[in-house]
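Colleague: If you scroll down you'll find the structure; I have some questions about it.
The values are calculated or read from the model by the stated rules, or taken from the named source; none is laboratory data. This is a predicted model, so every value here is computed, not measured. Here Cβ is always computed from backbone atoms with ideal geometry, including for glycine, and neighbour counts include all displayed protein chains. With ligands, DNA and RNA removed, areas are computed over all heavy atoms of the protein, side chains included. Shrake-Rupley method; radii C 1.70, N 1.55, O 1.52, S 1.80 Å.
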Amino acid sequence: MTTSRALWLTGKMKAELKPTMIGPLTEGELLVESRFGAISRGTEALVAEGSVPESEHDCMRAPLQDGEFPFPVKYGYAVVGTVKAGAEAPAGQTVFCLHPHQDLFHVPADMAVAVPPDVPASRAVLAANMETALNGIWDANILAGDRVTIVGGGLVGLLAAYLSARIPGTDVTLIDVNSEREALATAFGCHFALPGEAEGSACNSDVVIHASATSEGLATAISVAGFEARIVEMSWFGEGMVNIPLGGRFHSHRLSIVGSQVGHVPAARRARWPLSRRLETALALLADDRLDALISGETAFDDLAASYIRILADPNTLCHRIRYS
């Protein structure tokens with residue numbers, strides 16, 4: 001038996017590093033030593049607050065989560081590590097895993113995805129969020145030449161803006177309350193506006209993606225959508241209630257609101273796109289140095305328990321990276 005350490009949420013807004021025993025490898029497993037991890041602020045903050053609705057306990061489980069909602073629970077889904085043992089992958093290979101924050105762990109070999117050689121391990125921690133953004137782009141059905149507005153410049157919103165701007169001919173605007181997001185929007189080839197300041201094409205958008213997780217943001221999304229446009233809701237509100245202005249523009253413009261959630265590939269692609277193919281694609285899309293600007297901070301794993309709640313509470317957090325060694 002080998003002892004590792006993992007971050008556990010032991011109560012509302014209470015985090016601890018706890019020892020975890022690892023037994024011998026079984027057939028089909030790999031032993032992975034963590035190098036980098038990432039905190040997904042939106043989802044992990046809701047988990048830390050104990051705000052996962054009881055009705056969603058099963059579908060919101062992380063792939064390799066231990067414990068049960070609300071507490072105690074070992075939660076998280078972004079680790080980049082090195083294969084140390086196992087017959088199904090060469091020792092020393094760098095892999096991405098949807099695993100909670102832990103320094104050494106077993107993982108089924110088919111859940112460890114090789115990181116492409118042109119993607120640094122330190123950036124590959126963005127893979128889970130890139131996968132979410134990619135799924136949202138598919139749900140939005142963005143086509144060449146579309147006017148696209150992203151409301152909410154958090155990590156997923158910025159990645160959705162980045163992907164949207166890579167589609168030929170698109171005119172993409174990012175709307176956020178934080179004016180400091182303008183530099184990132186510009187770097188990704190997008191326009192930027194504060195709420196209420198969007199002009200021109202942004203106010204007649206073919207597609208709007210909402211990722212601010214606020215009622216005000218959703219109202220802004222409705223206000224900029226063009227006639228019969230689609231609004232894709234990418235926020236997860238947990239147990240929160242949302243006020244939606246369904247009168248006025250929503251009604252007269254015959255708008256649609258659709259939900260996007262990363263647990264399933266959109267129906268039009270599902271027969272050809274297993275989750276493994278989508279994750280491999282998300283990793284390949286990270287081969288761009290501009291994406292390093294999305295790393296908003298870094299904490300050593302040894303210090304994670306003491307810093308975790310503060311990181312979740314900071315509205316400026318995009319991708320907060322965990323360094324294991």
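Colleague: Looking for something more than 23 Å from T3 (Cβ to Cβ) and either outside any loop (DSSP other than H, G, I, E, B) or open to solvent by 40 Å² or more (accessible area, probe 1.4 Å) (or both) - is there at least one such residue anywhere in the range 99-106?
Modeller: no
Colleague: Right, here's the next one. Just checking, which of A6, A62 is of a type in the set (G, A, S) and touching an Asp or Glu at 6+ places or on another chain (Cβ under 9 Å)?
Modeller: Matching residue, one of A6, A62: A6.
Colleague: Whether any residue in the range 251-260 is open to solvent by 80 Å² or more (accessible area, probe 1.4 Å) and closer than 17 Å to D139 by Cα is what I want to check.
Modeller: No, every residue in the range 251-260 fails to be open to solvent by 80 Å² or more (accessible area, probe 1.4 Å) and closer than 17 Å to D139 by Cα.
Colleague: Now for a separate question. Take the range 134-151 and flag every residue that is closer than 27 Å to G76 by Cβ and out of contact with any strand residue (DSSP E or B) (no Cβ under 9 Å at 6 or more places or on another chain).
Modeller: L134, N135, W138
Colleague: Can you list residue pairs whose Cβ atoms sit under 8 Å apart, with the first residue in the range 87-112 being β-branched (V, I, T) and the second being part of a helix (DSSP H, G or I)? Count only pairs 6 or more apart in sequence or on different chains.
Modeller: From residues that are β-branched (V, I, T), the pairs are T94/A121; T94/A124.
Colleague: When you go through (1) open to solvent by less than 20 Å² (accessible area, probe 1.4 Å); (2) among the hydroxyl-bearing types (S, T, Y); (3) without any contact (Cβ under 8 Å) to a residue 12 or more places away in the chain one by one for T186, which number turns out not to apply?
Modeller: Evaluating T186 over (1) open to solvent by less than 20 Å² (accessible area, probe 1.4 Å); (2) among the hydroxyl-bearing types (S, T, Y); (3) without any contact (Cβ under 8 Å) to a residue 12 or more places away in the chain leaves (1) as the failure.
Colleague: Go through (1) crowded, with 20+ Cβ neighbours inside 10 Å; (2) modelled with pLDDT under 95; (3) touching a Ser or Thr at 6+ places or on another chain (Cβ under 9 Å) and name the single condition E131 misses.
Modeller: (2)
Colleague: Is it the case that C203 is under 23 Å from L283 (Cα atoms) and touching a residue at least 12 places away in the same chain (Cβ under 8 Å)?
Modeller: The answer is no for C203.
Colleague: Another question, then. Can you give me the number of residues within the range 274-313 that are surrounded by 14 or more Cβ atoms within 10 Å (Cβ to Cβ) and closer than 22 Å to L7 by Cβ?
Modeller: 13
Colleague: Which is of a type in the set (D, E), within 25 Å of Q261 (Cβ to Cβ) and surrounded by fewer than 22 Cβ atoms within 10 Å (Cβ to Cβ), of E228, E233?
Modeller: Every option except E228 fails the conditions.
Colleague: Which residue pairs have Cβ atoms under 6 Å apart, sit 6 or more places apart or on different chains, and have a first residue in the range 39-68 that is more than 15 Å from A15 (Cα to Cα) and a second that is β-branched (V, I, T)?
Modeller: M60/V52
Colleague: Return yes or no: is L7 in a strand (DSSP E or B), under 15 Å from A305 (Cα atoms) and open to solvent by 40 Å² or more (accessible area, probe 1.4 Å)?
Modeller: Criteria not met by L7.
Colleague: In addition: Can you tell me which of L31, L25 is in contact (Cβ under 8 Å) with a residue 40 or more places away in the chain and surrounded by 16 or more Cβ atoms within 10 Å (Cβ to Cβ)?
Modeller: The conditions single out L31.
Colleague: Which count do you get for residues in the range 76-97 that are touching a Gly at 6+ places or on another chain (Cβ under 9 Å), open to solvent by 10 Å² or more (accessible area, probe 1.4 Å) and not in a strand (DSSP E or B)?
Modeller: Qualifying residue count, the range 76-97: 3.
Colleague: Something else about it: What helices (runs of 4 or more DSSP H), lying completely within the range 117-222, carry at least 1 residues that are over 19 Å from the mean Cα position of the chain (by Cα)?
Modeller: 181-187
Colleague: Another question about this same structure. Assess whether P70 counts as being in contact with a helix residue (DSSP H, G or I) (Cβ under 9 Å, 6 or more places away or on another chain) and open to solvent by 40 Å² or more (accessible area, probe 1.4 Å).
Modeller: Considered against the rule, which asks whether it is in contact with a helix residue (DSSP H, G or I) (Cβ under 9 Å, 6 or more places away or on another chain) and open to solvent by 40 Å² or more (accessible area, probe 1.4 Å), P70 comes out as yes.
Colleague: Any residue at all in the range 18-39 that's within 21 Å of G240 (Cα to Cα) and in a loop (DSSP other than H, G, I, E, B)?
Modeller: No, the range 18-39 contains no residue that is within 21 Å of G240 (Cα to Cα) and in a loop (DSSP other than H, G, I, E, B).
Colleague: Oh, and also: Just give me the residues in the range 229-271 being basic (K, R) and in a loop (DSSP other than H, G, I, E, B), in sequence order.
Modeller: The answer is R254, and nothing else.
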